[in-house]
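To start, the structure under review is shown below, and the notes come after it.
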Amino acid sequence: MTARSGRWIQQWDPEDETFWNRTGEKIARRNLLFSVLSEHIGFSIWTMWSVLVLFMGPEYGLTPADKFLLTSMVTLVGAVVRVPYTFAVAVFGGRNWTIVSAGLLLVPTVAAFAVMEPGTSFSTFLLVGLLAGIGGGNFASSMTNINAFFPLRKKGWALGLNAGGGNIGVPVIQLTALAIIGASGGPRVLLGIYIPLIVVAAVLAALYMDNLASVKNDTGAAKDAAREAHTWIMAFLYVGTFGSFIGYSFAFGQVLQNQFDRTPLEAAYVTFIGPLLGSLIRPVGGSLADRYGGAKITLWNFVAMGAATAVLIAASMRESLALFTVAFVVLFVLTGLGNGSTYKMIPGIFHAKALARGLRGEEAAAYGRRLSGASMGLIGAVGALGGVGINLAFRQSFLSYGSGTGAFVAFLACYAVCFAVTWAVYLRRPAARPAVTGAVPEEKPQLGYAEV
């Protein structure tokens with residue numbers, strides 16, 4: 001039975017199939033739905049400056065380097081706040097924090113509405129942009145919360161859908177901007193649309209979401225997760241997947257403007273396509289990982305990302321806009337697939353660790369949920385820092401070479417390292433893997449790393 005007190009659920013055992021089929025799945029899916037809504041709007045607010053800078057013409061007095069710096073700092077704040085947002089679920093409860101985190105989105109939206117006009121200083125834009133970074137934190141708390149609701153066999157699908165529904169906030173705000181600003185509605189109209197949507201998301205979370213008592217007050221899980229080598233290994237791999245997705249989402253339009261002389265509208269017409277497809281494909285990455293193993297999908301996805309990046313380098317050197325755009329969109333799709341497969345790996349890794357410790361049944365599942373939920377915030381935070389690096393790399397590349405080619409060469413090297421790490425830690429034969437890597441050879445009969 002699921003014991004409830006107010007909006008708190010006292011007993012929750014999703015690994016029990018009878019419980020799951022009778023009541024658990026319905027409750028979990030309801031919480032997933034409204035978690036996606038809040039996270040979706042959070043992503044839109046976080047990435048709204050990727051759109052606004054495209055339409056900030058010469059009258060705003062900002063150079064291309066200023067714009068890349070602005071979007072880099074917005075991404076940085078979004079990465080940093082993911083750590084406390086993860087802990088907040090254990091302190092306040094998933095439902096309660098979703099209400100608060102959704103409401104906080106009003107701050108950067110109203111602030112941007114107030115200052116968005118020519119004559120505003122760059123320092124003011126930078127400060128208001130930093131406020132928008134809090135939208136990036138919603139992802140971490142949402143993933144930590146939803147991870148606790150679903151059984152291990154469903155996590156790839158559930159986490160992929162949760163994250164994909166949030167990620168799609170990026171192309172949605174870009175499309176909305178194209179429709180509104182392109183029709184001479186102005187940035188303030190765009191911002192004004194999101195203010196009531198934020199209120200609606202907070203109210204719906206209050207009415208329909210639940211807190212899990214089993215997650216509350218387990219702040220020690222974060223310390224345990226931070227001690228795990230796999231937390232930081234997966235964080236590095238997530239830099240390669242999600243860091244690429246969010247970094248390219250901020251930078252794609254600016255690269256088209258600065259390297260191929262596209263107008264704001266011409267850039268906006270294609271900017272949304274990559275983030276849209278990358279968001280939609282993320283649940284597919286999770287589902288493929290459920291079926292074939294997250295490590296296998298992640299490994300070959302890095303191969304494909306490297307190939308797409310090589311094409312981008314060639315297109316950039318040949319100044320071929322058509323090839324460049326197609327390759328960039330393909331790269332976006334691959335980042336989405338990798339996002340889904342890497343996040344599927346996380347609960348599988350910690351469940352495997354539980355089995356290696358001799359735990360079984362619900363005890364093993366609870367151990368895995370506890371550490372994977374805590375690690376997701378740390379992994380998400382470090383992963384988002386990849387977006388900072390991408391924007392800074394583009395900034396330096398344009399300052400040094402006048403194009404993004406230098407940055408793409410650096411990204412190609414990064415994907416090669418990610419491939420090597422995935423193979424060495426999660427797919428190499430256990431007997432060949434030294435103990436210092438954190439591998440647990442004796443767990444192979446129950447759950448090998450190739451299956452995580």
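Spacing of the modelled spin labels on ILE193 and ARG22, each 7 Å from Cα toward Cβ, amounts to 4.6 nm.
Between TRP300 and TRP8, the simple spin-label model (points 7 angstrom out along Cα→Cβ) gives 4.8 nm. Which shape class, rounded, prolate or oblate, goes with the stretch 139-260 when its Cα gyration tensor gives a ≥ b ≥ c as root eigenvalues, a/c under 1.5 marks rounded, and past that a/b bigger than b/c marks prolate? Oblate, since a/c reaches 1.5 and b/c is not below a/b.
Expressed as a whole percent, the accessible area of the chain that falls on carbon and sulfur atoms is 66 (1.4 Å probe).
Normalised by the residues of the stretch 78-148, what does the relative contact order come to in percent, with Cα pairs under 8 Å and at least six apart?
Details: 60 pairs, mean separation 43.5, N = 71.
Over the stretch 78-148, the number comes to 61 percent.
Using R0 = 30 Å, the C-beta based FRET efficiency linking LEU399 and ALA420 works out to 0.50. Computed with a 1.4 Å probe over protein heavy atoms only, the accessible surface of the chain comes to 36 Å² per residue.
Extending 7 Å from the Cα toward the beta-carbon at both LEU323 and LEU280 defines two label points whose distance is 2.7 nm.
Put simply, the amide H of TRP8, placed in the peptide plane, has neighbours under 5 Å in ASN211, leaving out anything fewer than 5 places away on its chain. Simple rule: put +1 on each Lys or Arg Cβ and -1 on each Asp or Glu Cβ in the chain, find the dipole, and look at SER101, GLY133, GLY294; the Cα lying farthest toward the positive end is GLY294.
Couplings for the stretch 370-378, taken from phi via the Karplus curve 6.51 cos²θ - 1.76 cosθ + 1.60 with θ = phi - 60°, read 4, 6, 5, x, 5, 5, 4, x, 5 Hz in order; Gly and Pro are left as x. Close Lys pairs in the chain (alpha-carbon distance under 16 Å; sequence gap of 8 or more, or different chains): 8. The packing ranking of peptides 338-351, 391-404, 311-324, 111-124, highest mean first, is 338-351, 391-404, 311-324, 111-124, where packing means the average number of other beta carbon atoms within 10 angstrom of each residue.
Entry note, the chain: the mean residue ellipticity at 222 nm calculated from DSSP H runs of n ≥ 4, each adding -39500 (n - 2.57), is -24500 deg cm²/dmol after division by the residues and rounding to the nearest 500. When the chain is fully extended, how far beyond the present Cα-Cα distance does VAL203 get from ARG30, taking 0.36 nm per residue of separation? That works out to 60.8 nm of additional length. Only Cα pairs under 8 Å and 6+ residues apart enter the sum, and on that basis the relative contact order of the chain stands at 24 percent.
Rounded, prolate or oblate, given the Cα gyration tensor of the chain, with a/c below 1.5 counting as rounded?
Numbers: a/c = 2.18, a/b = 1.32, b/c = 1.64.
Here the chain falls in the oblate category.
So what is the relative contact order for the stretch 27-152, in percent, with contacts set as C-alpha pairs under 8 Å and at least six apart? Once divided by the residue count of the stretch 27-152, the mean separation gives 47 percent.
The values are calculated or read from the model by the stated rules, or taken from the named source; none is laboratory data. Just so it is clear, the model here is predicted, and its values are computed rather than measured. Cβ atoms come from the backbone with ideal geometry, glycine included; neighbour counts cover every protein chain shown. Just so you know, the surface numbers come from the protein's heavy atoms only, side chains and all, with ligands and any DNA or RNA stripped out. Shrake-Rupley method; radii C 1.70, N 1.55, O 1.52, S 1.80 Å.
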